[in-house]
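J.: A single structure is presented below for examination.
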Amino acid sequence: MRDVYFDYGATTPPRPEVVEAMLPYLKEQFGNPLSLHRYGEAPREAVEEAREKVAQLIGARSNEIYFTASGSEANNMAVKGIGLMNQKRGKHLVVSAVEHLSVINAAQTMEKLGFEVTKVPVDKHGVVDPADVEKALRDDTTLVSIMHANSEIGSIQPVGEIAQVVKERSKAYFHTDAVATAGNLPVDVKELGVNLLSLAGNQFYGPKGAGALYIKRGTRIMPLIDGGVQEAGRRAGTENVPAIAGLGVAAELATADMEERRAQLVPLRDRLIGRITSEIDRIYLTGHPTQRLPGHVSVVVEYIEGEAMLLLLSMQGVAASSGSTCTSRALKASHVLTALDIEPGLANGSLLLTLGRDSSVEDVDYFMEVFPPIVDRLRQMSPLYKEA
Amino acid sequence: MRDVYFDYGATTPPRPEVVEAMLPYLKEQFGNPLSLHRYGEAPREAVEEAREKVAQLIGARSNEIYFTASGSEANNMAVKGIGLMNQKRGKHLVVSAVEHLSVINAAQTMEKLGFEVTKVPVDKHGVVDPADVEKALRDDTTLVSIMHANSEIGSIQPVGEIAQVVKERSKAYFHTDAVATAGNLPVDVKELGVNLLSLAGNQFYGPKGAGALYIKRGTRIMPLIDGGVQEAGRRAGTENVPAIAGLGVAAELATADMEERRAQLVPLRDRLIGRITSEIDRIYLTGHPTQRLPGHVSVVVEYIEGEAMLLLLSMQGVAASSGSTCTSRALKASHVLTALDIEPGLANGSLLLTLGRDSSVEDVDYFMEVFPPIVDRLRQMSPLYKEA
Amino acid sequence: MPTYSEKVMDHFANPRNVGEIEDADGVGSEGNPVCGDMMEFYIKVDDGLLTDVKYKTFGCGAAIACSSMVSEMAKGKTLEEAKGITNRDVAAELEGLPKNKLHCSNLGADALHKAIEDYESKAREG
Amino acid sequence: MPTYSEKVMDHFANPRNVGEIEDADGVGSEGNPVCGDMMEFYIKVDDGLLTDVKYKTFGCGAAIACSSMVSEMAKGKTLEEAKGITNRDVAAELEGLPKNKLHCSNLGADALHKAIEDYESKAREG
Ligand SMILES: Cc1ncc(COP(=O)(O)O)c(C=O)c1O
Ligand SMILES: Cc1ncc(COP(=O)(O)O)c(C=O)c1O
């Protein structure tokens, strides 16, 4: 049986160079970067070196990079920090309907704190229309947060255009959640024209526990975690030096081989999309057919349920994921598939195949060997299929 | 030259067992604990195992342990999360004047959001009088946060008594910042009678990037980091599995050898305090003489400045720290020493020597060899000493 | 998949009695695709005994395993005995189900009961 | 201590011209212990030349190094030349100071200027 990891979207394996770079800071170089003595030196330098590498990855200055422990923390910091800091100017936020829950739920918390939130819809491919963002803007809007790409359906948003609209038509800050793209696709904060941008190391072969928020110079933001002087006073807490060092190396490696990786993944993705949609009937691609993350394949399969597919795939050695109700710990229908107007029964047939560095044509072809019989088998026992 | 690390208070070296326990999750077992397939299994089990070990360390149930990335995050989560969630009941918080900045500054942020904060004073040993807490309580108090021990002056607070007073005299939740004590001294949430408690792995030979907030069952609290379903929906973000696994092992080891470690450190501490205060004149212990952290020695040295002492100590191989204005990145006088009514000039002569696992009598005696000449030398060049 | 017991996985991977009964004496269904789980049970009754029990299931691993387990537990039982089978019994027989699956996926007994009701109401009418 | 240049560390570890001048022609001090840095400069003046410069310093590494550097830069200079020494010159001569030390600890030139003022006001009076 072949071992196929098709869940790079859940998390990526840290590259050996990344782990190697972390080890010294778990061992001899365990010091606190704030320490003035020699134990603080190497850790402090490691953190600043990583800051430069992350800055380079996204075309920022290093003093605009603030380390966090996750993409979710970066998103919360952006949404809450901008909202709370700028409330005198207004208490209105704009997000899209397909944002990651760390943006959606942070916005919901802001509602509880007296803010108003407008959710911009998406088209059937999950893409935001800049004109809809424009319509949502108000005099009292202080933040617009539209993600760069959605990890559930792969669609890439026209963030540059949206940022332009926000800049021209309002005084709001513009944040983009680039957790799914940074390190995987070219991301340049200046080209995109964003004020804030979130990223997370575990999405591009870096370690867990290390993310970052880019905050453009001059942006007024309140810390999410108050306390000491770490991260220029904007994010307190002893720095997670090993993870930050690992994030730096991951950023450096990603900068170097991003093109190569994209060139590897896009054909694999398109091969898989092509085969899966032509060889199996009543299966539909979700998200945009071309404006999508490299390596990202998401479908809904009619008449059957996602978790059952995952279990049978797993028995064939394939690790994948699903946005079905049953596979969400919260047991709620995916808000993303709901926003696409996919009807809930169909949404429960969601299957997510995310390819990465180690994926090969052989993996794709093996998948297409084992998957059709699984679909058949589940459909044969489905009361819906019979009815159809 | 001897290499003496007397800055365990800044951070502790992870024990080899801790690092060992982390490695698999940086490598093969890189999966996301939320994943339903086999890559998610071991990481998920590691997180839950660590949760049990941390629970055991502090006498809690494992479902009352919420992992965070740092002590500061846990403190912010407690102060802001309780405050914001319970605002209908009141908007008054009580903290002590010597809390860590992650509590003090979080409380200050709450003031900006319309809350009132009462700061309870401390006596000359930095200890809070439960009667003062009682006086500060109001009908609209929702949270009292008093630390277990202060890392700058070592004083241990009568947290059990204070918790009792808070429980009897108010409806407020009681939080204690046990970052300096958990893993180093016996801490039992039931004995202490607290509703919330913060801890951090890097303070007891665990990794950086892993802390926890104990939240007693039934406590109403708002997440600091909204998003996914991790940590029962109370703290979103992909779990930092390696760090959490390391924290678990550190907790387990600490539970096992805490007594031994205390028995090692208290005599060393007392030897150092005895020698330093008797062999050098015009040097004063800060914090409580006996109710203090094992291994914790803090003094103020008259006529000279902390950073200069640190530099010269460093040249002799001794790594220590100071609360002097010059050694704080914020270049502000330590709020802790200020709260003790130590006059600012004297506070600048602060020196902090924190001993730990690898400290020995030889280290103490070596320190007492090199330190007096340093004091002499700096005093000889001090304009204040001349005047005295 | 550590969240499922071995027994669940066995019934999921090798579901017993799957299928339809063309000339069923009773049919009952429970759940719906929106929730992610739906089961349809078919029974044959002879002299107060469930001589055959089959089902079709749309749903997760737990839903499929529960259907299979219910069919096994019910087959050969009297109608009264089968009515006494609860979702709880099914979960117990499966050596437990993950907490979050207990309510939404564990509908097999309910669907079976509906099939029996269907049979009984037809019997009364006919 | 990576935040300090080698030159700073050299002057901190081996401060030049430390001490008092008993019969100083001018004395000037700057800073105070509350801020963490205080320096007192003593000068001997002969025929408009600074024939001796000494100081005492309470403060951090930067403060001590700055005092030492100023004493070296001023010694042998004319009063006018010495007045021209700025804190910036001192920092430059030390191959830079950490940003957060530029303002609070770099008081050496100011203290020296005060000592010169003291000398000049005495000269006017006397
Ligand atoms: C008492 C106390 N609370 C909180 C903290 C903050 O912990 P962290 O640096 O993990 O955020 C510290 C740090 O040393 C501490 O000593
Ligand atoms: C688009 C997007 N934003 C945010 C996150 C949250 O990142 P983290 O799990 O690091 O908190 C994810 C996670 O996969 C994501 O895909």
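Every read-out reported here was derived from the displayed coordinates using simple, explicitly stated rules and does not represent laboratory data. Everything numeric here is computed off the predicted structure, so don't read it as measured data. Because the Cβ atoms are built from the backbone with ideal geometry, glycine has one as well, and the counts that use them run over all protein chains shown.
J.: In nm, one decimal, shortest first: how far is the label point of C:Ala92 (7 Å from Cα along Cα to beta carbon) from the matching points in the other copies?
T.: Computed spacing set for this position: 8.9 nm.
J.: If you don't mind, another one. Label position 7 Å from Cα toward Cβ: report the copy-to-copy distances for C:Glu81 in nm, one decimal, ordered from shortest.
T.: 11.5
J.: If you draw the axis that swings chain A onto chain B, which residue of A has its Cβ closest to it, and how far is that in whole Å?
T.: In chain A, the Cβ lying nearest the symmetry axis toward B is A:Ala69, 2.
J.: Okay, next question. Which of B:Glu343, B:Glu259, A:Glu52 has the fewest other C-beta atoms within 10 Å, and how do the rest follow up to the most? It would help to have the intermediate numbers written out before the result.
T.: Working: B:Glu343 12, B:Glu259 9, A:Glu52 17.
Fewest to most other Cβ atoms nearby, the residues stand as B:Glu259, B:Glu343, A:Glu52.
J.: Can you list the cysteines of chain C that have no other Cys Cβ under 4.7 Å away?
T.: That list is C:Cys35, C:Cys66, C:Cys104.
J.: What angle, in degrees between 0 and 90 and rounded to the nearest 10, separates the Cα long axis of helix A:159-169 from the longest principal axis of the Cα atoms of chain A?
T.: 50 degrees
J.: OK, next. Arrange the following residues from fewest to most other Cβ atoms within 10 Å of their Cβ: B:Lys80, D:Lys7.
T.: Listed from fewest to most nearby Cβ atoms, that is D:Lys7, B:Lys80.
J.: Moving on. Of the listed pairs B:Lys80/D:Lys99; A:Lys80/A:Lys216; A:Lys167/A:Lys216; A:Lys112/A:Lys167; A:Lys119/A:Lys171; A:Lys88/A:Lys190, which have alpha-carbon separations greater than 22 Å here? Walk me through the numbers before you get to the answer.
T.: Numbers: B:Lys80/D:Lys99 33 Å; A:Lys80/A:Lys216 16 Å; A:Lys167/A:Lys216 14 Å; A:Lys112/A:Lys167 27 Å; A:Lys119/A:Lys171 18 Å; A:Lys88/A:Lys190 27 Å.
Result: B:Lys80/D:Lys99; A:Lys112/A:Lys167; A:Lys88/A:Lys190 exceed 22 Å.
J.: Compute the distance in nm between two label points, each set 7 Å from the Cα along the Cα-to-Cβ direction, one at A:Tyr284 and one at D:Thr51.
T.: It is 10.0 nm.
J.: Which aspartates and glutamates have a Cα less than 18 Å from the Cα of A:Lys124, not counting those fewer than 8 places away in the same chain?
T.: Of all the aspartates and glutamates, those that pass the test against A:Lys124 - Cα under 18 Å, at least 8 places apart if same chain - are A:Glu99, A:Asp132, A:Glu152, A:Glu302, A:Asp341, A:Glu343.
J.: Let me ask another. Arranged by the count of other C-beta atoms within 10 angstrom, fewest first, what order do A:Phe6, B:Phe204 take?
T.: Values: A:Phe6 25, B:Phe204 29.
Lowest count first: A:Phe6, B:Phe204.
J.: Could you tell me how many degrees, from 0 to 90 and to the nearest 10, lie between the Cα long axis of helix C:108-125 and the main elongation axis, the longest principal axis, of the Cα atoms of chain C?
T.: With rounding to tens, the tilt is 10 degrees.
J.: Another one. Given all pairs of different Cα atoms, what value in angstroms does the Kirkwood hydrodynamic radius of region A:289-388 take?
T.: Working: mean 1/r = 0.0702 Å⁻¹.
Evaluated over region A:289-388, this radius sits at 14.2 Å.
J.: Placing +1 at every Lys and Arg Cβ and -1 at every Asp and Glu Cβ, with all other atoms neutral, what dipole size does region D:6-120 have around its Cα centre, in debye to the nearest 20? Could you put the intermediate results ahead of the total?
T.: Details: 12 positive and 22 negative charges, 107 e Å.
Roughly 520 debye for region D:6-120.
J.: Give me the inter-chain shielding for A:204-213: mean count of other chain Cβ atoms within 10 Å, whole number please. Let's see the in-between values first.
T.: Values: counts 0, 1, 0, 8, 15, 13, 3, 3, 0, 0.
The mean count of partner-chain Cβ atoms within 10 Å per residue comes to 4.
J.: In Å, the Kirkwood hydrodynamic radius of region B:186-276 over pairs of distinct alpha carbons? Kindly include the intermediate steps, with their values, before the conclusion.
T.: On the way: mean 1/r = 0.0642 Å⁻¹.
One over the average 1/r among Cα pairs gives 15.6 Å for region B:186-276.
J.: So what are the ³J(HN,Hα) numbers for region D:22-33, from phi and the Karplus equation (6.51, -1.76, 1.60; θ = phi - 60°), rounded to whole Hz, Gly and Pro as x?
T.: 4, 9, 4, 7, x, 9, x, 9, 8, x, 7, x
J.: So the label point sits 7 Å from Cα along the Cα-to-Cβ vector; using that for A:Arg138, what distances do you get to the other copies, in nanometres, sorted shortest first?
T.: 3.2
J.: Expressed as an acute angle from 0 to 90° and rounded to the nearest 10, what is the orientation of the C-alpha long axis of helix A:71-85 relative to the principal long axis of chain A?
T.: 50 degrees
J.: Ranking request for peptides C:76-83, A:90-97, A:157-164: highest mean number of other beta-carbon atoms within 10 Å first, then the rest in descending order. Could the numbers behind the result be given before it?
T.: Details: C:76-83: 15.2, A:90-97: 23.2, A:157-164: 20.6.
Result, highest mean first: A:90-97, A:157-164, C:76-83.
J.: Quick one: Karplus J couplings for region B:191-207, per residue in order, coefficients 6.51, -1.76, 1.60, θ = phi - 60°, nearest Hz, x for Gly and Pro?
T.: Ordered by residue, 3J(HN,Hα) equals 4, 6, x, 9, 8, 9, 8, 9, 8, 9, x, 6, 8, 9, 6, x, x Hz.
J.: Pop a pseudo-label 7 angstrom from the Cα along the beta-carbon direction at both D:Asp23 and A:Met315 and give the gap in nm to one decimal.
T.: Computed distance between label sites D:Asp23 and A:Met315 equals 10.5 nm.
J.: Can you give me the relative contact order of region C:6-120 as a percent, contacts being Cα pairs under 8 Å and 6 or more apart?
T.: Details: 243 pairs, mean separation 37.8, N = 115.
So the answer I get is 33 percent.
J.: Would you kindly give the portion of the calculated P(r) for chain B that falls above 36 Å, as a percent of all Cα pairs? Working shown, then result.
T.: Values: 19314 of 75078 pairs.
Considering chain B, 26 percent of its Cα-Cα pairs are separated by more than 36 Å.
J.: Taking +1 at the Cβ of each Lys and Arg and -1 at the Cβ of each Asp and Glu, which of B:Ala69, A:Ile82, A:Leu185 sits farthest along the dipole of the protein assembly as shown towards its positive end, judged by Cα position relative to the Cα centre?
T.: Checked the options; the winner is A:Ile82.
J.: Another question, if that's okay. Mind listing the long-range amide H neighbours of A:Tyr173? Cut-off is under 5 Å, sequence gap 5 or more, other chains count too, H placed in the peptide plane at 1.01 Å from N.
T.: Long-range HN contacts for A:Tyr173: A:Leu143, A:Val144.
J.: Here is a follow-up. In nm, to one decimal, how far is the modelled label at B:Glu168 from the one at B:Val229, with both set 7 Å along Cα→Cβ?
T.: For the pair B:Glu168/B:Val229, the computed spacing is 4.5 nm.
J.: If I take every Cα pair under 8 Å that is 6 or more residues apart in chain B, average their sequence separation and divide by the length, what percent do I get for the relative contact order? Don't skip to the end; give the middle numbers.
T.: Values: 834 pairs, mean separation 85.0, N = 388.
It comes to 22 percent, rounded to a whole number.
J.: Kirkwood Rh over Cα pairs of the protein assembly as shown into Stokes-Einstein at 20 °C, 1.002 mPa s: D in µm²/s?
T.: Numbers: Rh = 31.5 Å.
It comes out at roughly 68 µm²/s.
J.: Below 26 Å, Cα to Cα, which lysines can D:Lys77 reach? Residues fewer than 8 away in the same chain don't count.
T.: Straight-line reach from D:Lys77, under 26 Å: D:Lys7, D:Lys44, D:Lys54, D:Lys56, D:Lys114, D:Lys122.
J.: Count the net charge of all other residues whose Cβ sits under 10 Å from the Cβ of B:Phe204, scoring Lys and Arg as +1 and Asp and Glu as -1.
T.: Numbers: positive: B:Arg15, B:Arg261, B:Arg357; negative: none.
Neighbourhood net charge equals +3.
J.: Another question, if that's okay. Would you please give the residues with an amide H less than 5 Å from that of D:Tyr55, counting only those at least 5 places away or on a separate chain, with H modeled from the backbone geometry?
T.: D:Gly19, D:Tyr42
J.: To the nearest 20 Debye, how big is the dipole of chain A about its Cα centre, given +1 on the beta carbon of each Lys and Arg and -1 on that of each Asp and Glu? Write out the running numbers ahead of the final one.
T.: Details: 40 positive and 49 negative charges, 241 e Å.
For this selection, approximately 1160 debye.
J.: Further question on the same structure: Name the long-range amide H neighbours of D:Asn32: under 5 Å, sequence gap of 5 or more, or other chain; modelled H, no Pro or chain starts.
T.: D:Asp37
J.: With the Cα gyration tensor of region D:1-119 giving a ≥ b ≥ c as the square roots of its eigenvalues, does the rule (a/c under 1.5 for rounded; else a/b larger than b/c for prolate; else oblate) give rounded, prolate or oblate? All intermediate terms of the calculation are to be shown ahead of the outcome.
T.: Working: a/c = 1.83, a/b = 1.58, b/c = 1.16.
Prolate, since a/c reaches 1.5 and a/b exceeds b/c.
J.: I would also like to ask the following. With θ taken as phi - 60° and the coefficients 6.51, -1.76 and 1.60, list the Karplus ³J(HN,Hα) couplings across region A:24-31 in order, rounded to whole Hz; mark glycine and proline as x.
T.: Per residue, the Karplus-derived 3J(HN,Hα) values read x, 7, 8, 10, 4, 8, 7, x Hz.
J.: Taking the Cβ-Cβ separation of A:Lys135 and A:Glu191 as r and a Förster radius of 30 Å, what is the calculated FRET efficiency to the nearest 0.05? Walk me through the numbers on the way to the answer.
T.: Working: r = 25 Å, r/R0 = 0.83.
With a Förster radius of 30 Å, E is 0.75.
J.: Per residue of A:17-24, count partner chain C-beta atoms within 10 Å of its C-beta, then hand back the mean as an integer. Provide the component values of the computation, followed by the final result.
T.: Numbers: counts 0, 1, 5, 0, 0, 4, 4, 0.
Other-chain Cβ atoms within 10 Å of each residue's Cβ, averaged: 2.
J.: Is there a simple number for the mean count of other chain Cβ atoms within 10 Å of the Cβ of residues in B:313-320, and what is it?
T.: On the way: counts 1, 6, 4, 0, 2, 1, 7, 3.
Mean shielding count: 3.
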